[in-house]
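*Asks:* Quick one: the structure is below, questions incoming.
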Amino acid sequence: MTSGKLSAETYIEKSSRALQGAQALLAVEDYEGACSRAYYAMFDAAHAALLAAGITTPESSSKTHRSLIASFGLNLVKSGAIAPELGSAINKVERLRRLADYTGEPIEAADATWSVGKASELIAAVRDLMHISDPQSRPPDPRP
């Protein structure tokens, strides 16, 4: 286990892995699991965006999900760096994750599909903000 702070790049890669997990869970119709992983993909992408923008997340503000999401909204959504609909989406996906993780209420396929799609959109927006490309979209290496 390492100590110290993770970089924006580490968080965006972590978010991409969570998105892959969400997509896999969606494919096997585990809608609760897909919503949960989609939320964590968005949460880690928000953390990456804040770090990339030079907005420090003091230990007190990054300890809770609410405070990190509030900082993301205040600093990146309200400034126009991230589209407002993606700021709203992270809050809706968080509510779905809470339902999925802490209640017996079923998650509809449409909600899970929407959540995974919004997570993908947010990660793409943060990658654009960070000026890094998605490794999945790179052309294949022509070397043998």
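The values are calculated or read from the model by the stated rules, or taken from the named source; none is laboratory data. Keep in mind that what you see is a predicted model, and the values were worked out from it rather than measured. Glycine also receives a Cβ, built like all others from the backbone with ideal geometry; neighbour counts cover every protein chain displayed. Please note that ligands, DNA and RNA were not included when accessible areas were found on the heavy atoms of the full protein model with its side chains. Shrake-Rupley method; radii C 1.70, N 1.55, O 1.52, S 1.80 Å.
*Asks:* Given the structure, is ASP44 touching a residue at least 24 places away in the same chain (Cβ under 8 Å), farther than 24 Å from THR10 by Cβ and either among the small types (Gly, Ala, Ser) or assigned to a helix (DSSP H, G or I) (or both)?
*Replies:* Answer is no for this residue.
*Asks:* Under the condition of being part of a helix (DSSP H, G or I) and of a type in the set (D, E, K, R), which residue from the range 4-23 is most open to solvent (accessible area, probe 1.4 Å)?
*Replies:* Only one residue tops the list, namely ARG17.
*Asks:* Now for a separate question. Being modelled with pLDDT of 90 or more and among the basic types (Lys, Arg) is the filter; apply it to the range 91-144 and report the residue that is most open to solvent (accessible area, probe 1.4 Å).
*Replies:* Result: ARG95.
*Asks:* Oh, and also: What pairs come up if the first residue lies in the range 64-84 and is without any contact (Cβ under 8 Å) to a residue 60 or more places away in the chain, the second is among the charged types (D, E, K, R) and part of a loop (DSSP other than H, G, I, E, B), and their beta carbons are under 9 Å apart, counting only those six or more places apart or on different chains?
*Replies:* PRO84/LYS78
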